[in-house]
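*Asks:* Structure incoming, see below.
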Amino acid sequence: MAKALNGSGNIIVITTDVIRPARDRFTGFKEVMKNYPGINIVQYQDAQTCSTEDALGLMENMLQAHPDINGAFGTNDAIGLGIYAAAKSANKIGDVKIVSVDGFGACL
């Protein structure tokens, strides 16, 4: 994320506390982002599921609340797909850098 944003920008995070790997990814992500004072996590939300549909709804709401975001991080790929779908629907592809981690294994 830091590289994609050249070390500066406003980002949101959608995670899930349902699974430990996602919690650990979010913890690690926050730790690394501390090294980039130009990047601000303006909101994070627990999706409480690994559902693409739930992440889609959350991202739609977050885009309305924070239309100036530059990046979005999803702690698994299902969430990342929801983030992408919402960004695409809002014509934000290219404006919002999207990063997710997983390979679809952690929620199955």
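*Asks:* Is the C-alpha gyration tensor of region 5-56 telling us rounded, prolate or oblate? Criteria: a/c under 1.5 is rounded; beyond that, a/b larger than b/c is prolate, otherwise oblate.
*Replies:* oblate
*Asks:* Run through every distinct alpha carbon pair of the chain and return the Kirkwood hydrodynamic radius in angstroms, one decimal place.
*Replies:* Computed over Cα pairs of the chain, the Kirkwood hydrodynamic radius comes out at 13.4 Å.
*Asks:* Provide the net charge surrounding residue 5, with neighbours chosen by a C-beta distance below 12 Å and charges set as Lys +1, Arg +1, Asp -1, Glu -1.
*Replies:* My count for the surroundings of residue 5 gives +1.
*Asks:* I've got another one for you. Ignoring ligands, DNA and RNA, what accessible area per residue does region 1-43 give at 1.4 Å, in Å²?
*Replies:* Spelled out: the 1.4 Å probe surface of region 1-43, per residue, equals 55 Å².
*Asks:* Determine the relative contact order of region 23-100: mean sequence separation of Cα pairs under 8 Å and six or more apart, normalised by residue count, in whole percent.
*Replies:* 30 percent
*Asks:* Continuing with the same structure: Leaving out ligands, DNA and RNA, what percent of the accessible area of the chain is carbon and sulfur, probe 1.4 Å?
*Replies:* Here carbon and sulfur together make up 49 percent of the probe-accessible area.
*Asks:* Mind grabbing the accessible area of residue 49 for me, 1.4 Å probe, Å², rounded to tens?
*Replies:* Spelled out: residue 49, probe radius 1.4 Å, area about 50 Å².
*Asks:* Here's another thing I want to ask about it. Do the sum for the chain: with -39,500 (n - 2.57) for every DSSP H run of n ≥ 4, divided by all residues, what is the mean residue ellipticity at 222 nm, to the nearest 500 deg cm²/dmol?
*Replies:* Taking each H run of at least 4 residues, the total per residue is -12000 deg cm²/dmol.
*Asks:* Could you size up the charge dipole of the chain around its Cα centre, putting +1 on the beta carbon of Lys and Arg and -1 on that of Asp and Glu, and report it in debye to the nearest 20?
*Replies:* 320 debye
*Asks:* Any chance you could run the full-extension gain for residue 48 through residue 24? It's 0.36 nm times the residue separation minus the Cα-Cα distance, nm to one decimal.
*Replies:* Between residue 48 and residue 24, full extension yields an extra 7.2 nm.
*Asks:* Would you mind calculating the gained length between residue 90 and residue 32 on full extension (0.36 nm times residue separation, minus the Cα-Cα distance), in nm to one decimal?
*Replies:* 18.0 nm is the gain from fully extending residue 90 to residue 32.
The values are calculated or read from the model by the stated rules, or taken from the named source; none is laboratory data. Everything numeric here is computed off the predicted structure, so don't read it as measured data. Heads up, the Cβs are rebuilt from the backbone with ideal geometry, glycines too, and the neighbour counts pull from every protein chain shown. Keep in mind that these areas ignore ligands, DNA and RNA; they rest on the heavy atoms of the full protein, side chains included. Shrake-Rupley method; radii C 1.70, N 1.55, O 1.52, S 1.80 Å.
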